[in-house]
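Below is one structure, written out as structure tokens, with a few remarks after it.
The values are calculated or read from the model by the stated rules, or taken from the named source; none is laboratory data. The structure displayed is predicted, hence computed values, not measured ones. Neighbour counts are summed over all protein chains in view; Cβ atoms, including those assigned to glycine, are modelled from backbone coordinates with ideal geometry. To get the accessible areas, we keep the full protein, side chains included, count just its heavy atoms, and leave off ligands, DNA and RNA. Shrake-Rupley method; radii C 1.70, N 1.55, O 1.52, S 1.80 Å.
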4 protein chains.
Amino acid sequence: MPQSATRQRIFLAPAPRAVGDIFDSDDLAQLRALGDLIVHEAGPVTDEQFNSISGDTAIIIGQIDLPESRLKKAPCLRAVFNVEGNFLPNVDYVYCFRNGIRVLGIGPVFAEPVAEAALGMAIDLARGITRSDRNFREGIEEYGLAANREAFSLFRQNVGFVGLGDLGRAILPLLQPFHCHIRAYDPWLPEEYLRTLGCDAASLDEVFRLSQVVFVVAGVTSDNQEFLGSQHFSQMPSGAALVLVSRAAVVDFDSLVDFARRGRIRVATDVFPQEPLLAAHPARQSGNILLCAHQAGALDAAIRQIGKMVVADVKLILRGLPPVLCKSAQPETVSLFRSKPVAKT
Amino acid sequence: MPQSATRQRIFLAPAPRAVGDIFDSDDLAQLRALGDLIVHEAGPVTDEQFNSISGDTAIIIGQIDLPESRLKKAPCLRAVFNVEGNFLPNVDYVYCFRNGIRVLGIGPVFAEPVAEAALGMAIDLARGITRSDRNFREGIEEYGLAANREAFSLFRQNVGFVGLGDLGRAILPLLQPFHCHIRAYDPWLPEEYLRTLGCDAASLDEVFRLSQVVFVVAGVTSDNQEFLGSQHFSQMPSGAALVLVSRAAVVDFDSLVDFARRGRIRVATDVFPQEPLLAAHPARQSGNILLCAHQAGALDAAIRQIGKMVVADVKLILRGLPPVLCKSAQPETVSLFRSKPVAKT
Amino acid sequence: MPQSATRQRIFLAPAPRAVGDIFDSDDLAQLRALGDLIVHEAGPVTDEQFNSISGDTAIIIGQIDLPESRLKKAPCLRAVFNVEGNFLPNVDYVYCFRNGIRVLGIGPVFAEPVAEAALGMAIDLARGITRSDRNFREGIEEYGLAANREAFSLFRQNVGFVGLGDLGRAILPLLQPFHCHIRAYDPWLPEEYLRTLGCDAASLDEVFRLSQVVFVVAGVTSDNQEFLGSQHFSQMPSGAALVLVSRAAVVDFDSLVDFARRGRIRVATDVFPQEPLLAAHPARQSGNILLCAHQAGALDAAIRQIGKMVVADVKLILRGLPPVLCKSAQPETVSLFRSKPVAKT
Amino acid sequence: MPQSATRQRIFLAPAPRAVGDIFDSDDLAQLRALGDLIVHEAGPVTDEQFNSISGDTAIIIGQIDLPESRLKKAPCLRAVFNVEGNFLPNVDYVYCFRNGIRVLGIGPVFAEPVAEAALGMAIDLARGITRSDRNFREGIEEYGLAANREAFSLFRQNVGFVGLGDLGRAILPLLQPFHCHIRAYDPWLPEEYLRTLGCDAASLDEVFRLSQVVFVVAGVTSDNQEFLGSQHFSQMPSGAALVLVSRAAVVDFDSLVDFARRGRIRVATDVFPQEPLLAAHPARQSGNILLCAHQAGALDAAIRQIGKMVVADVKLILRGLPPVLCKSAQPETVSLFRSKPVAKT
């Protein structure tokens, strides 16, 4: 196994995350055993500060600015770990790809908690759980069959996905025991591949027209801002459910809220065009919308997992092996993503 | 295959259910093809009415009174289908067992929808879904990590079951993708059997002390009224969740509500000691209780499934074969169950 | 929980099995703790012997003769455990059913090992494993693609079942990762039930005509001796595979061997009309038949499991609860089975 | 979605595979619709031939020599598809990585068939299937328990993996229904990652000492030639099974055969240091070795899948998207692999 002979530098500057949020003392001890660890938590990294450490830095952990001018001064650099969650335009990716520098993200850590929340939200819409609880507090609940006039079950249901990246693929195993028929629209994935995941490839129209539950899990790219609108929502079966857990920017949010308020469909969303949501936003009044406060992924257990993933992959990289837990930025797609960084999610 | 030579009588008197709620026209056509179908929907079945049909009745579908005096007048009777949901003291079970008359129940039809609701309620408590929605409506929601201070995930969690009958066993496959460590207390099931289900046998105390989520899915028997009380709830880890979906009578309900109100544990319940719940009941005010209105099983799709199960099993029985979809009453346990019939659940 | 006040007698006479084959010392200690254990291993149980213990015997473990005349002398008898594997005509079942005496079998213990062997045999036929090994020993093996001219994979294959009792249902989970399309013929099981198992109900003809692999797992009844013959085998696709692991008596064995010898289909069988198979039997010469010596179920680990199942269910029965690990004889079907007892399988 | 404006050239020279073996007419039609397809089947590609097409070639499918001198003349090249199965030293990988040229392999197509064969071989060794068939042909078979004296089951067994790359990971789902305890040694994969696959990380010694079945599925690298030898085999429990399906070069083959011949362990192998195996090789005589003729992966259905994978990924690449079905060569590891190309496997 290739082994590094001299000690290498690891530069840790994870803002906006705090070191202590993502690395526990054991994680830090492991990093220290791997190389010369420099921790930077005091504001942005100045050029002077960068230059003082760049010469023998092999690993950078954080979202610091890395234009070509800086990268050129880091000849030993092998990997940059983004620990925020989205690939941002802070790095000259082309330079990195040309020079064998891995740019890695910790997005996979959020897939499980978001999938769990998405399933919970889907069952909630289907079975009227939050609605029932609200009725109890208003003293207007009905019981049994009367409570279930509009309820449906996920078992053997027609389910659709818009996007089937890491997040969607994390929802699939949770749906497996429900024996759903799953259609997926994802323009980046061929039919053959979707079939290996147990899904039928479908057009956007088919997904909306034929699904009783639609999971919107597409990331935002430069191409797909607000690409889902009334022309899609209007095709959904009456009373069908839409669960939005990726980014609000992929939908025409006002239209989505409008369809729910009119009772046409049921909607659950964990994301909003603006956070906090306006106090007077009509979504707050509708009984057909389930509102979650961007909490699907931001689970403490997920955040604490970040440090462990990074440490494990740093170890592999310093041994000359490919990382396996973090996600490598891909030359073809990294420039397409346009997620706004969201504070600490 | 044994085949009945002469046409047999099928007596259908499903009150309190309506014929049309559980049998569609195709189901009824199939029953008519199997025998001489007599439908009784007009009030209780009098002795006179019973005597006029009992002589050549092979199948009774419904919860009519069947004391020994009546059963003796039905020499061809092979099976009684209870379509309400609980085995009630309306039948002389001992007579039936001695005389090879199957008494069958349609309880299995409710297992899937109740399991789905129970999973939804568990995710809701763990992830704070209904709570978040309520906060939005009060304009006090927090976002991201701040919203998740007390959230936890079901993934790889310690989960406990009190009771592991049909209902509990229907929850297990839904939990499988979450890779939980599952402990189960069920005094009717040996350790070996629980292990084949992927669960560790545990004492009641262990279930409560070691589980972050406890599913209470035990049926009510003559022995276990209110067998779960403060001595159990007090052992739960702080912030742990209890999901009650079988019968309220198995818990000390006031104590349960009290533990939730004090913020000691989180509770979700689909059942109540009295329905409707008193308007002034303190459960209605607590932010730590998720209230569902006895709607976990009473799903239209489940009710409509009853007729199909019954028709399929009537066919088998009239061919001299054992039923496979309905549940046969067991001599050892039928007398132990003490569920109050709940109108049409 | 109901508990027996006085000690009850347990009579253990498991011939043709030896006590030590199925019960280890811990199992026996547990039986002794449950009641007054009498072990009988010296030949058949005479009436005199039976009468001397019958008065207060609650549990009989073994295949001793139990006609009405004996059963009448056992007023405390609650259960008879057949530990051989097949329900035999040694017991007056009707008397038992009328008098609330459970007759239990340990058949389920063989389901897993037989299913494992059946899967291994199916993969062997599909992929030519034994054939390849035989070629090596004759020095005529070909490699790679040349070795695989007639090979096929189970992945996403059309698979058929003849019979879907305990044994067939134990094969289903092993096939799940292969994503097969499964058709099943079982006249005792309704379409609705087969669908819950993930199978399509099919006619016998459809099973044979549309399946690349057919598992014959039907038990022998008084009705189905040799019910599978050339009219079925001739419908199979050329080169399709048939795996027989239940009883040879359900097929026209000569015809089956003939189809394999002519290269029309591939056959694997674990059972034979006569054991040992005649030295000159043509099956021994055919390269298209995989021969296993009735070894699919007779696994040591399975045999040793018998004692544990029996002890666990004896415990439940003596507490007044229904058994859950052994299989209860059913009034409708017990008289239909006609398996010859097979020495110690 | 980015779309290519001008038609691009696709150069198809798949020797040693024939075009018709991997692409059907529909696949070829799709390639033609994507670009200007040039098919080369007549011997090696000369520099002159290469130069005549390199200027506007975007995709090369095949294992032609691609040193820097040629790659420099292909400024539009985006991807090279190796359709043989192993990454060979025919390509200047460093040049490709620096210049954003994907080098892709079709190895994943063999994972399923090899996994299926490996499972079949493991069940065969555990249950003595081929051995039983051989005994029948020699007329020395024993039946039932007597046949099973040394048999064991995979259910709940201790299983070990040496290597857990694509191939090992394809075996895992097939083992899932057997509920095994799985230990894996893979120096390229961290403990955290193995745990997500349901395996415990283990040392080589632990894998051999604690497993009843060991799957050797490690690829050959420059570091691990014959890294498994008598020091490992001697630690295996007596009668344990070893299944070798990756490359013979990772084991000391003579030692492996010796352990099997002495009856110490059971061995199944699909690969040999030299193919064909010497006529006088002692492996041909041992009853404890199951010999398969490099046929685990070389399944017709797998070969035909190659074309479909390549076409689907070519489509993605020409749209500016990352491939998802083929495997991208990784800078860190591509130089480590040292598999000899095996004709058409």
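Here are the numbers for this structure:
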| item | result |
| --- | --- |
| Solvent-accessible area, 1.4 Å probe, carbon plus sulfur percent, for the stretch C:110-291 | 47 |
| Choice from A:ALA13, A:ALA260, A:ALA42 with maximal GNM fluctuation in chain A (Cα, 10 Å cutoff) | A:ALA42 |
| Inter-chain Cβ neighbour average for residues A:114-125, partner chain, 10 Å | 6 |
| D/C buried area, accessible surface, summed, 1.4 Å probe, Å² | 4700 |
| Among D:GLY229, D:GLY239, D:GLY85: highest mean-square fluctuation, GNM of chain D, C-alpha pairs under 10 Å | D:GLY229 |
| Heavy atoms of A:LYS315: accessible area, 1.4 Å probe, square angstrom to 10 | 80 |
| Label 7 Å beyond Cα on the Cβ vector: B:GLU68 copy-to-copy distances, nm | 2.1, 9.9, 10.1 |
| Accessible area in square angstrom per residue, chain A, 1.4 angstrom probe | 38 |
| Spatial separation of Cα centroids for the stretch C:174-226 and the stretch C:298-328, in angstrom | 28 |
| Within the stretch C:158-238, GluC sites (Glu not before Pro) in DSSP loop having at most 15 other beta-carbon neighbours inside 10 Å | C:GLU226 |
| Of C:ALA79, C:ALA111, C:ALA29, the one that fluctuates the most in a GNM where chain C has Cα springs shorter than 10 Å | C:ALA29 |
| Cα gyration tensor shape of the stretch C:249-345, rounded if a/c is under 1.5, else prolate or oblate by comparing a/b with b/c | prolate |
| Equivalent ellipsoid, chain C (semi-axes from 5 times Cα gyration tensor eigenvalues, Å) | 42, 21, 18 |
| Ranked order, D:LEU210, B:LEU172 - accessible area, probe 1.4 Å, largest first | D:LEU210, B:LEU172 |
| At most 11 other Cβ within 10 Å, DSSP loop - trypsin sites (Lys or Arg not before Pro), the stretch B:208-314 | B:ARG262 |
| P(r), alpha carbons of the stretch C:29-96 - 5 Å bins starting at zero, rounded % | 3, 15, 29, 28, 18, 6, 0 |
| At 7 Å out from Cα toward Cβ: A:TYR95 inter-copy label distances (nm, ascending) | 2.6, 9.2, 9.4 |
| Degrees, to the nearest 10: A:108-127 long Cα axis against longest axis of chain A | 10 |
| Beta bridges by DSSP in chain B, antiparallel share as percent, to the nearest 5 | 5 |
| Modelled FRET efficiency - R0 56 Å, A:ASP24 with B:GLU192, Cβ distances, 0.05 increments | 0.90 |
| Evaluated at q = 0.06, 0.07, 0.09 Å⁻¹: base-10 log I(q)/I(0), Debye formula over Cα of the protein assembly as shown | -0.62, -0.86, -1.41 |
| For D:GLN225, label point 7 Å along C-beta direction: distances to other copies, nm | 5.8, 6.7, 8.2 |
| Axis-proximal residue, chain D, for the rotation superposing D on A (Cβ, Å) | D:ARG98, 3 |
| Quarter of the Cα convex hull surface for the stretch A:219-280, i.e. its orientation-mean projected area (nm²) | 4.3 |
| Alpha carbon centroid spacing (whole Å) that separates the stretch C:52-98 from the stretch B:120-159 | 58 |
